[in-house]
Amino acid sequence: MKSCFTFLLGALALAALDASAQTITPAIQAKIDTKFQEITAWAADPIIVEAVRAHNTALPSDQVGLTQEKWTALTVLDPLVRSFSKNPAGVFLKAKKDDVVTLPFLSDAAGCKVAFTAKTTNWCHKGMPKHEVPMTGKTWQGPIEVNQATGLQQVQIAVPVLDAGKPIGSLVVGLSLSKLAQ
């Protein structure tokens, strides 16, 4: 049993080293830049804009008082969690997802979730660059990381959701590095 645990720790350490050592080549960055254009178009779709606008106007009653601790305790099968992928914006994101996209999620102005294709680690991304930078009207690209849900290397990108030219939310998308490299 101890040798299995030691092997697992070694594998995790190697994966972490590999993730930090990999760089984004100019060819991969060009593909990421193309994805930025695609994701920006998603963020401008009326289904996405209306979902964020409505969420900003009135937080659904089942989300009032939701904290990170409560979010973490919810299972992927919980009706509240499932509602984020079943609402019109979640269905839109699922229809747009391709092999490169690992996990898209939509947040309101406060950084709280509006829609996604799978449960996110965090309920709210307020204070994090992936949300705060798009809320200034700019795009954001994160570092190479290992996706906690899939164990695969990814880079996240984020774009603002604009309403009449003003940022009202953010759309964050994880991109698979292995798929980008193909």
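Every number in this text was worked out from the coordinates using simple rules, so none of it is lab data. Keep in mind it's a predicted model, so treat the numbers as computed, not measured. FYI the Cβ positions are ideal-geometry reconstructions off the backbone, even for glycines, and counts take in every protein chain you see.
Normalising the average separation of contacting C-alpha pairs (under 8 angstrom, six or more residues apart) by the number of residues puts the relative contact order of the range 24-180 at 25 percent. Among the listed pairs K130/K166; K70/K113; K119/K179; K138/K179, those whose Cα-Cα separation exceeds 20 Å are K119/K179; K138/K179. Here's how it looks for H125: its modeled amide H is under 5 Å from those of C112, which are all 5 or more places away or on a different chain. Scanning residues 5 or more positions from Q156 or on other chains, those with amide H under 5 Å from its amide H are G142, L175, with H placed 1.01 Å from N in the peptide plane. Taking other residues whose beta carbon is less than 14 angstrom from the beta carbon of L175, and scoring Lys, Arg as +1 and Asp, Glu as -1, yields +1. For D163 and L74, the difference between the fully extended length at 0.36 nm per residue and the C-alpha to C-alpha distance is 28.9 nm. Separation of the range 134-182 from the range 25-52 is 9 Å, based on Cα centroids. If R0 is taken as 30 Å, the Cβ-Cβ distance between R82 and A27 corresponds to a FRET efficiency of 0.20.
Past the 19 angstrom mark, what percentage of all C-alpha to C-alpha distances in the range 24-180 do you count? Here the long-distance tail beyond 19 Å is 50 percent of all Cα pairs in the range 24-180. For the chain, the residue among A164, T25, Q182 whose Cα projects farthest onto the positive side of the dipole built from Cβ charges is Q182.
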